[in-house]
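The values are calculated or read from the model by the stated rules, or taken from the named source; none is laboratory data. Since the model is a prediction, treat every value here as computed from it, not as a measurement. Backbone-built Cβ (ideal geometry, glycine too); neighbour counts: all protein chains shown. These area figures cover heavy atoms from the full protein model, side chains too; ligands, DNA and RNA do not enter into them. Shrake-Rupley method; radii C 1.70, N 1.55, O 1.52, S 1.80 Å.
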Amino acid sequence: MFHLQGPQVLQMLEKSLRKSLPESLKVYGTVFHMNQGNPFNLKALVDKWPDFNTVVIRPQEQEMTDDFDHYTNTYQVYTKDLKNCQESLSASDVINWKQHLQIQSSQSSLDELIRNLASTKFVKVKQTQCILYMMPVSVRKLLPSLPETKNLPLRSSSPKAINQEMFKLSSLDPTHAALVNKFWSFGGNERSQRFIKRCIQTFPSVCLLGPEGTPVTWSLLDQTGEIRMGATLPEYRGQGLISHMLFVHTQALDKLGFPVYNHTDKANKIVQKISHNLHNTPMPCDWNQWNCVPL
């Protein structure tokens, strides 16, 4: 595959991916942030240019030094042609199948392709599929033709007020990585904590500090610019804190021009209700992640 380099070419890629939303969302969000300074030192590969069929975003080789760190060893994929994608991913220099890795995409149609390819490489695959949401400010801007867009309110309604004497709006500090890691369903280990710390140092985050001066709820972006790793401490749940914080975070990210999106587990009815109340729009495609482990 061909390595795209230079700001002008990457901006062309971002513009082109925007035309393929929402199916290209995971890749589009990543390329958007590559054009904002590329804080995770990623690179974009295409099968050809400018009329590409398949895009793969991956870290630079020097970033992928830990064969067991699938948080860093993550690939985002978008394709217009499944056959072409299979040929592209089969190329020996695109994916390092000898490492523990993740493949992320907004296209569930990649599942069979990835499983077939992994089996030829003697790699075990586990797929996670979630509901993909885009926040109203981004839906109106990026997907005006989506049928749901016309039903969105012109202005996002603020969630119910919180006790501002008890809870103070702040941002996460790298020292909070252990706390975030403890409550992240994909984390809970040393490598995920290292990844979370890097996300905190890289992207704008939001949290509410409780009476003890430590975070009781938080919201954080990953390397694709998606809102991830959000949680509330169990003893503070049911008070509308996460709705308030997500509303504030969404407004702040929109002011920076960021596309604002997230995902929710299909079994997590509480967060789905919060998303509905905030008018977050479920996308017609899914959030997909394939964890790949060499046998």
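I need every pair where a residue in segment 269-295 that is hydrophobic (A, V, I, L, M, F, W, C) has its Cβ under 6 Å from the Cβ of a residue that is open to solvent by 40 Å² or more (accessible area, probe 1.4 Å), sequence separation at least 6 or different chains.
Qualifying pairs under 6 Å: Cys285/Glu23; Trp290/Gln127; Val293/His100; Val293/Lys124; Leu295/Phe122; Leu295/Lys124.
How many residues, within segment 230-255, are open to solvent by less than 10 Å² (accessible area, probe 1.4 Å) and within 26 Å of Arg58 (Cα to Cα)?
Result for segment 230-255: 1.
So, restricting to strands (runs of 3 or more DSSP E) that lie completely within segment 190-295, which ones have at least 3 residues that are touching a Cys at 6+ places or on another chain (Cβ under 6 Å)?
215-221
Output the qualifying pairs, or none if there are none: Cβ atoms under 8 angstrom, residues six or more apart or on different chains, first residue in segment 137-155 and touching a residue at least 24 places away in the same chain (Cβ under 8 Å) and part of a helix (DSSP H, G or I), second residue of a type in the set (Gly, Ala, Ser) and open to solvent by 30 Å² or more (accessible area, probe 1.4 Å).
Going by the 8 Å Cβ cut-off, the qualifying pairs are Val137/Ser156.
How many residues, within segment 101-130, are closer than 17 Å to Thr224 by Cβ and either without any contact (Cβ under 8 Å) to a residue 40 or more places away in the chain or open to solvent by less than 40 Å² (accessible area, probe 1.4 Å) (or both)?
Qualifying residue count, segment 101-130: 10.
Condition first: at positive phi and of a type in the set (D, E, K, R). Now tell me which residues in segment 87-135 satisfy that.
none
When the residues of segment 158-182 are narrowed to those that are open to solvent by 60 Å² or more (accessible area, probe 1.4 Å) and not in a loop (DSSP other than H, G, I, E, B), which ends up nearest to Gln251 (Cα to Cα)?
For segment 158-182, the residue satisfying everything is Leu169.
Just give me the residues in segment 273-294 being modelled with pLDDT under 95 and either of a type in the set (A, V, I, L, M, F, W, C) or over 12 Å from Ser138 (Cα atoms) (or both), in sequence order.
Lys273, Ile274, Ser275, His276, Asn277, Leu278
Of all residues in segment 101-125, count the ones that are in a loop (DSSP other than H, G, I, E, B) and within 23 Å of the chain's Cα centre (by Cα).
Looking only at that region, the number is 2.
Do any strands (runs of 3 or more DSSP E) lying entirely in segment 1-100 carry at least 3 residues that are crowded, with 16+ Cβ neighbours inside 10 Å, and which ones are they?
The qualifying strands (runs of 3 or more DSSP E) are 42-46, 54-59, 74-79.
Go through segment 115-173 and give me each residue that's among the small types (Gly, Ala, Ser) and closer than 24 Å to Arg18 by Cβ. First the steps, then the outcome.
Going residue by residue through segment 115-173, those that are among the small types (Gly, Ala, Ser) are 118-119, 138, 145, 156-158, 161, 170-171.
Passing the criteria: Ser138, Ser145, Ser156.
In segment 195-229, what residues are open to solvent by 10 Å² or more (accessible area, probe 1.4 Å) and of a type in the set (S, T, N, Q)?
Within segment 195-229, Gln201, Thr202, Ser205, Thr214, Gln223 qualify.
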